[in-house]
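Report on one structure; see the data block that follows.
The values are calculated or read from the model by the stated rules, or taken from the named source; none is laboratory data. Small disclaimer: the values here were computed from a predicted structure and weren't measured. Quick reminder, even Gly has a Cβ in these numbers, built from the backbone with ideal geometry, and neighbours come from all protein chains shown.
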């Protein structure tokens, strides 16, 4: 339901959820941008005005219309993939002015550039404004994690050490949560471990970003109880309450029950045998790129207009990237819709 007189949704449950997660020590950032083309900041003034509006609507400012009520987010993330880009340095600088006025907690600015360097849309902002961390999309491009020598974390590492305004900026390796979460670039768990372990020795490494977490929790293809648990184990390997195993082709799943004992927590690992058919069923969420559906775009087919967006079937969409279609899924329970100016994933 919209707030009367506006197009802003009224989200009281989100208000409760944000406060609950923050109470557990989680940081909640509002991400801006994405694949839809209808946005952009074309000037210093537009960047500053937008920062004022977001701070008052979702930050610690004051506004009569606040979708999340009196919940205050911990910062803003820039996932800029389209539109005018000149105003983003001014947006960040103005937002940091607002941050400095509220000393009750720490606020953050993050970015989510695509891995080709320099990023076309965020490159200037990354070089001239203060980012706390950068979550690089190492998928849907030639510089994917799985592309071996072309995986270019070292290029971003050099940027962080030599060009970033914030010399303590941290880099997150962005990966898809499952094969269906992105057009290409999914990293099987064993390969992910082998690629991430060396990076953990670098001062710039901050962690792993997953698009998106719901897909990672539902992914049981090659690590159990889920891909999300495997990533947590990889990053927090000293946490003995996390237990994961590689998913074999046929047999044993390790599940975890925890028994709380003050002051420690003990993990009790139990094994359950499942059939090969049950194991294989985890693969049913993958995108079928070979079967044509009405209005479907095939991943990897040539396209003419870089940045163009088009619905592909009912629940996915394509983006023209460097001359080829990249097909992505809409979030669960949403469908792709088109209007005169744009496309979006919305409820049926």
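Tabulated results
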| read-out | value |
| --- | --- |
| Any chance residue 42 is modelled with pLDDT of 95 or more and more than 30 Å from residue 326 (Cβ to Cβ) | no |
| Given (1) surrounded by fewer than 23 Cβ atoms within 10 Å (Cβ to Cβ); (2) farther than 21 Å from residue 232 by Cβ, index of the condition residue 170 fails | (2) |
| Residue list for the stretch 145-181, restricted to those being within 15 Å of the chain's Cα centre (by Cα) and not in a helix (DSSP H, G or I) | 171, 172, 173, 174, 175, 176, 177, 178 |
| Residue in the stretch 20-27 that is surrounded by 17 or more Cβ atoms within 10 Å (Cβ to Cβ) and modelled with pLDDT of 95 or more present | no |
| Hits in the stretch 218-242 - residues which are in a loop (DSSP other than H, G, I, E, B), buried (at least 16 other Cβ atoms within 10 Å of the Cβ) and modelled with pLDDT of 60 or more | 219, 220, 221, 222, 225, 226 |
| Residue, farthest from the chain's Cα centre (by Cα), within the stretch 313-348, restricted to residues that are at pLDDT below 75 and over 21 Å from residue 137 (Cβ atoms) | 340 |
| Some residue of the stretch 127-140 being more than 19 Å from residue 321 (Cβ to Cβ), crowded, with 21+ Cβ neighbours inside 10 Å, out of contact with any strand residue (DSSP E or B) (no Cβ under 7 Å at 6 or more places or on another chain) and modelled with pLDDT of 95 or more | yes |
| Some residue of the stretch 83-100 being assigned by the TED database to the domain that holds residue 227, without any contact (Cβ under 8 Å) to a residue 60 or more places away in the chain and closer than 27 Å to residue 228 by Cβ | no |
| Single unsatisfied condition, residue 123 versus (1) surrounded by 14 or more Cβ atoms within 10 Å (Cβ to Cβ); (2) without any contact (Cβ under 8 Å) to a residue 24 or more places away in the chain; (3) in contact with a helix residue (DSSP H, G or I) (Cβ under 8 Å, 6 or more places away or on another chain); (4) farther than 28 Å from residue 334 by Cβ | (3) |
| From the options 34, 59, 83, 47, residue that is surrounded by 18 or more Cβ atoms within 10 Å (Cβ to Cβ), out of contact with any helix residue (DSSP H, G or I) (no Cβ under 6 Å at 6 or more places or on another chain) and under 30 Å from residue 118 (Cβ atoms) | 59 |
| All positions within the stretch 98-113 that are over 16 Å from residue 165 (Cα atoms) and not in a loop (DSSP other than H, G, I, E, B) | 98, 99, 100, 101 |
| Residues of the stretch 19-42 satisfying the condition of being more than 27 Å from residue 308 (Cα to Cα), outside any loop (DSSP other than H, G, I, E, B) and either in contact with a strand residue (DSSP E or B) (Cβ under 7 Å, 6 or more places away or on another chain) or not assigned by the TED database to the domain that holds residue 76 (or both) | 29 |
| Subset of the stretch 141-150 [touching a residue at least 40 places away in the same chain (Cβ under 8 Å) and surrounded by fewer than 19 Cβ atoms within 10 Å (Cβ to Cβ)] | 146 |
| Yes/no for residue 70 being assigned by the TED database to the domain that holds residue 32 and at pLDDT below 95 | no |
